[in-house]
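S.K.: This is the structure I have questions about; it appears just below.
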Amino acid sequence: MIIVSIARGHNSSTTLMVDGEIIFYLEEERLTRSKYDGAPLAGLIKVFDYVDYIDHLVVCHTAPDNPILDWTGECVYDGLIRKLARGRFDYQTHNVALMHHELHAACGYFNSGFDTAACVIADGAGSFLSLNQEADWVKNTLCKFIEKPVFEFETIFHVSDAGDFDTVYKHLGSSEAIGFNNPSPGFYVTEHPGFTKTYEAITQFCGFPAIEAGKLMGLAPYGKPNKDLPRFIDDNNHWIDRQVILPTYPNAAQLNFQKYDIIREDFDEWTGDGSYTDIQKDLAYAVQEQTSEGMCTLIQKAHEKTGETNIVICGGYGLNCVANYKYAKRFPDLNIYCEPVSHDGGTSIGGAKKLYYELEKKHPPKQSLIYYGPQYNPSSYEDTIKDLDTTDTSYDDIAKLIRDGNIVTIFQGRSEGGPRALGNRSILFDPTIKNGKDLVNEVKH
């Protein structure tokens with residue numbers, strides 16, 4: 001059985017699974033060289049370098065509407081496969097739009113090797129959900145006034161060895177939410193931003209794109225505790241203060257800096273020339289510390305609600321490796337698995353594995369690596385380098401080159417999945433050199 005699963009959106013990706021085994025996985029941007037490229041058309045085409053037909057196509061996203069082709073009116077992805085197939089095979093399409101957090105959980109759970117687990121998912125918005133206006137739990141609460149979509153912030157699933165994903169906690173946000181609503185056990189529809197949105201707000205305030213929160217994580221260690229700054233999270237490390245962080249839907253959020261003299265005055269003086277003020281550094285420190293404490297609260301809740309000692313972390317916040325290290329130290333008695341492909345690209349893996357389990361009634365094999373991209377034969381680049389001055393080298397030579405301020409690249413094996421360079425497609429440079437990022441970017445771009 002051959003399953004192709006794609007994730008649409010800013011981390012678009014393609015997964016190819018043959019009889020339960022991942023054969024190919026790659027983000028679209030790796031093929032097109034366009035950062036955050038959506039619509040994984042190049043990935044779908046690439047699949048047919050590995051197989052001649054498919055049985056199932058899984059289309060994963062956060063909203064149900066797929067783009068359509070002119071004239072035929074069919075889904076773009078179905079249309080592309082039809083054109084590539086030219087009548088040679090039939091397949092079945094599965095559109096999975098309203099289970100974004102469950103796809104994150106499936107990616108992490110099936111990769112963890114756990115029989116049962118509690119999955120803690122946190123990201124910026126998740127699926128765009130509509131409340132059932134006829135449900136009693138909507139009619140009898142202020143949720144009855146919410147007509148626009150609500151968005152997933154944090155979810156806890158209890159996953160059984162039968163592969164059932166039981167939602168035991170979910171925090172939903174909405175631009176129309178009034179205060180705090182707990183319409184049914186474990187479900188909360190609130191005006192409070194999620195942890196990831198809060199991180200995005202400070203990321204933007206410090207001059208980075210909201211989607212590049214990893215840069216703020218790098219800035220955080222330069223900050224320090226500052227009691228003059230407003231606190232983002234309540235004293236129970238659970239709910240974010242709506243007066244401090246203003247969520248925007250579906251993407252990002254804003255720091256309400258005009259309300260606080262210390263931040264507003266600092267912002268007015270910031271030149272935006274690539275340097276960062278002490279206040280920005282302290283805000284980065286604070287949001288790293290406080291949102292990771294909020295995640296610790298969720299992990300404790302997951303353990304208490306499910307009784308599980310196996311905990312899976314996934315979703316965009318799961319890429320916060322500083323926070324992941326904190327969990328390991330905070331909860332030594334829990335078995336914590338942090339999914340390496342936690343961003344939205346990983347939902348295509350989750351979609352493939354979940355469908356495989358539903359059809360075959362057995363767990364797909366556990367992955368042992370994330371190197372599933374293309375591998376190039378030396379003959380494909382020998383002509384490019386034949387006129388260069390090349391020599392065999394050693395690890396000691398490489399270390400000396402880096403120490404002396406040189407850029408070193410690694411190109412070997414199959415390319416890696418996920419947003420980090422993990423050794424097969426890497427650019428190495430001395431991180432103590434202040435303008436190192438600019439120098440490396442000259443090589444990259």
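S.K.: What number of residues within the stretch 82-103 satisfy the criterion of being in contact (Cβ under 8 Å) with a residue 60 or more places away in the chain and either crowded, with 19+ Cβ neighbours inside 10 Å or touching a Phe, Trp or Tyr at 6+ places or on another chain (Cβ under 8 Å) (or both)?
M.R.: Total satisfying the criteria: 5.
S.K.: While we're looking at this one, here's another question. Can you tell which of THR72, THR116 is farther than 16 Å from GLU358 by Cα, β-branched (Val, Ile, Thr), surrounded by fewer than 18 Cβ atoms within 10 Å (Cβ to Cβ) and touching a residue at least 60 places away in the same chain (Cβ under 8 Å)?
M.R.: Within the list THR72, THR116, the selection yields THR116.
S.K.: Okay, next question. Could you list, ordered by first residue, the pairs with Cβ atoms under 7 Å in which the first is in the stretch 361-390 and in contact (Cβ under 8 Å) with a residue 24 or more places away in the chain and among the aliphatic types (A, V, I, L, M) and the second is surrounded by 10 or more Cβ atoms within 10 Å (Cβ to Cβ) and assigned to a helix (DSSP H, G or I), at least 6 apart or interchain?
M.R.: Listed pairs, sorted by first residue: none to list.
S.K.: Being part of a helix (DSSP H, G or I) and of a type in the set (Ser, Thr, Tyr) is the filter; apply it to the stretch 352-383 and report the residue that is surrounded by the most Cβ atoms within 10 Å (Cβ to Cβ).
M.R.: TYR356
S.K.: For the subset of the stretch 289-330 comprising residues that are touching a helix residue (DSSP H, G or I) at 6+ places or on another chain (Cβ under 7 Å) and among the aromatic types (Phe, Trp, Tyr), which member is surrounded by the most Cβ atoms within 10 Å (Cβ to Cβ)?
M.R.: TYR317
S.K.: Restrict the check to the stretch 397-408 and report whether at least one residue is surrounded by 10 or more Cβ atoms within 10 Å (Cβ to Cβ), part of a strand (DSSP E or B) and within 31 Å of the chain's Cα centre (by Cα).
M.R.: yes
S.K.: Is there any pair linking a residue in the stretch 151-178 that is at positive phi to one that is in a loop (DSSP other than H, G, I, E, B) and surrounded by fewer than 22 Cβ atoms within 10 Å (Cβ to Cβ), with Cβ under 8 Å and at least six apart or on different chains, and which?
M.R.: Listed pairs, sorted by first residue: GLY163/HIS363.
S.K.: Those residues that are among the hydrophobic types (A, V, I, L, M, F, W, C) and either without any contact (Cβ under 8 Å) to a residue 12 or more places away in the chain or under 22 Å from THR62 (Cβ atoms) (or both), I need them from the stretch 32-51; list them, please.
M.R.: Once the filter is applied, which keeps residues that are among the hydrophobic types (A, V, I, L, M, F, W, C) and either without any contact (Cβ under 8 Å) to a residue 12 or more places away in the chain or under 22 Å from THR62 (Cβ atoms) (or both), the stretch 32-51 yields ALA39, LEU41, ALA42, LEU44.
S.K.: What pairs can you find where one residue is in the stretch 295-316 and closer than 19 Å to ASP161 by Cα, the other is of a type in the set (Asp, Glu) and crowded, with 24+ Cβ neighbours inside 10 Å, and their Cβ atoms are less than 8 Å apart, with a gap of 6+ or different chains?
M.R.: Final answer for the pair search is VAL312/GLU339; ILE313/GLU339; CYS314/GLU339.
S.K.: With respect to GLU212, is the statement that it is more than 26 Å from ASP344 (Cβ to Cβ), out of contact with any Cys (no Cβ under 7 Å at 6 or more places or on another chain) and surrounded by fewer than 20 Cβ atoms within 10 Å (Cβ to Cβ) true?
M.R.: No; evaluated as a whole, the condition is false for this residue.
S.K.: Within the bounds of the stretch 7-14, is there any residue that is touching a residue at least 12 places away in the same chain (Cβ under 8 Å) and more than 16 Å from HIS343 (Cα to Cα)? Break it down stepwise before answering.
M.R.: Step one: filter the stretch 7-14 for residues touching a residue at least 12 places away in the same chain (Cβ under 8 Å), giving 7-14.
The next check asks that each one be more than 16 Å from HIS343 (Cα to Cα); those that pass are none.
No, the conditions are met nowhere in the stretch 7-14.
The numbers here are math on the coordinates, done by the rules we state, and not lab data. Note that this is a predicted model, so its numbers are computed, not measured. Using ideal geometry, Cβ is built from the backbone for each residue, glycine included, and neighbour counts are taken over all protein chains shown.
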